[in-house]
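Working notes, structure below.
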Amino acid sequence: MNTYAKITGLGGHVPSRAVDNATLSQWVDTSDQWIQTRTGIRQRHFAGETELAGTLALPAAKQAMAQAGIEGADLDMIVFATTTPDRVYPATACLLQAELNAAPCAAFDVQAVCSGFLYALGIGEAMVAAGRAKTVLIVGAEVFSSTLDWKDRATCVLFGDGAGAAILQADSSPGVMAVRLYADGRYADNLTVNARIRNGELQGDPYTRMDGGTVFRFAVEKMVESAQDVIAKSGSAPDWLVLHQANSRIIEAVRKRLKMSAERCVNCVADYANTSAASIPLALCASSSRFSAGDNVLMAAAGGGFTWGAVMVEWG
Ligand code: COA
């Protein structure tokens, strides 16, 4: 009998400070009209000085665990997707594990930028399906604002901070039906923070740099391709589409190519902007009350690396 990984709990958290486009227009040469027309974003949340990815993840993780009815001691593994870890090391997953009283479960970070949550989900699912774990906490959390250059208006208006979490548990019924993950490092320079700490100093450029047009075309093409891969692999048509929440125009282009209706395509870009690894779990939190048991939920993401991928889940 197959062992499936079922999503049994979800949680989300964004910092309390919401910054709308009008406020952003006072900091940088842009306008509400430009941002809404080009991206669909109305506002984003920014972390305060002392808030880190782990800080944002804690309430999200606790909410997911409460929904699943589990405690820290029940966790076999924590997979934490982030581009903006609290420290160079140890992994933010370890810091979160301590807060959750979840020792000695395995805990590590995954770096796949905006595809990070799907990478974490894919790893968690594989461990459950292989019988190596029964209960896994998956987190996507970012303080992406820490990488933004407020002089670069083409990128700083696009991103926000936040965290989302899910509990995966072993079950005899689905569950995660299909996972496809990809990367092509030849595109590393198209979306990057090309910096590191060396001998006590920051070396390189500490800000997000992006070739917006290339990223746009890549994101549409690869989310469509990987979505089609998991549709073929699972043999199921999607009832819901939950895409990486980067830009409403990207979401619309993918939705139309996959021939999904707008009502079945989740879009919360307006409220959160692009929260990178947190975007898919936050979108699940915003929409899962509309899903019915047995619905097929198709998630797809693309981001820095380039990385991309898709996951099909039978809900409930
Ligand atoms: N406010 C006002 N004007 C802006 C602006 C801003 N925030 N950012 C750029 N502009 C200007 C540009 O300078 C350019 O002016 P010019 O024609 O005088 O040179 C003009 O707007 C058009 O820029 P362009 O880059 O052609 O806009 P676009 O329609 O391609 O949209 C993005 C730009 C960034 C919104 C778009 O490329 C995009 O969404 N890319 C994907 C980004 C993304 O989602 N990345 C993360 C994926 S994981």
Revision key, fill the gap. Restricting segment 169-199 to residues that are within 16 Å of the ligand (Cβ to nearest atom) and surrounded by 14 or more Cβ atoms within 10 Å (Cβ to Cβ), the one farthest from GLY235 (Cα to Cα) turns out to be VAL193
Check your understanding: Which residue, of ILE123, ILE138, is under 15 Å from ALA277 (Cα atoms) and either in contact with an Asp or Glu (Cβ under 8 Å, 6 or more places away or on another chain) or open to solvent by 40 Å² or more (accessible area, probe 1.4 Å) (or both)?
Key -> ILE123
Review point. Is one or more of the residues making up segment 264-272 within 30 Å of SER172 (Cβ to Cβ), open to solvent by 10 Å² or more (accessible area, probe 1.4 Å), in contact (Cβ under 8 Å) with a residue 40 or more places away in the chain and more than 16 Å from the ligand (Cβ to nearest atom)?
Key: no
Review point. Which one is nearest to the ligand (Cβ to nearest atom), of the residues in segment 10-23 that are surrounded by 22 or more Cβ atoms within 10 Å (Cβ to Cβ) and of a type outside the set (A, V, I, L, M)?
Key: GLY12
Exercise for review: Confirm whether LEU202 is part of a strand (DSSP E or B), within 16 Å of the ligand (Cβ to nearest atom) and either charged (D, E, K, R) or open to solvent by 50 Å² or more (accessible area, probe 1.4 Å) (or both).
Suggested key: no
**Study point:** Cβ-Cβ under 7 Å pairs, at least 6 apart or on other chains, segment 201-223 side over 12 Å from GLY304 (Cα atoms), far side assigned to a helix (DSSP H, G or I) and open to solvent by less than 30 Å² (accessible area, probe 1.4 Å)
**Key:** TYR207/THR147; VAL220/ILE250; VAL220/ALA253; VAL220/VAL254; MET223/VAL254
Review point. If you go through segment 24-36, how many residues are free of Cβ contacts under 8 Å to residues at least 40 places away in the same chain and surrounded by fewer than 12 Cβ atoms within 10 Å (Cβ to Cβ)?
Key: 2
Study note, to complete from the structure: Residues of segment 205-234 being of a type in the set (Ser, Thr, Tyr) and either open to solvent by 40 Å² or more (accessible area, probe 1.4 Å) or more than 10 Å from the ligand (Cβ to nearest atom) (or both), in sequence order, are TYR207, SER226, SER234
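The values are calculated or read from the model by the stated rules, or taken from the named source; none is laboratory data. Values in this document were obtained by computation on a predicted structure and should not be read as measured data. For neighbour counting, all protein chains shown are included, and Cβ atoms are generated from backbone atoms with ideal geometry for every residue, glycine included. The accessibility values were calculated without ligands, DNA or RNA, using every heavy atom of the protein model including side chains. Shrake-Rupley method; radii C 1.70, N 1.55, O 1.52, S 1.80 Å.
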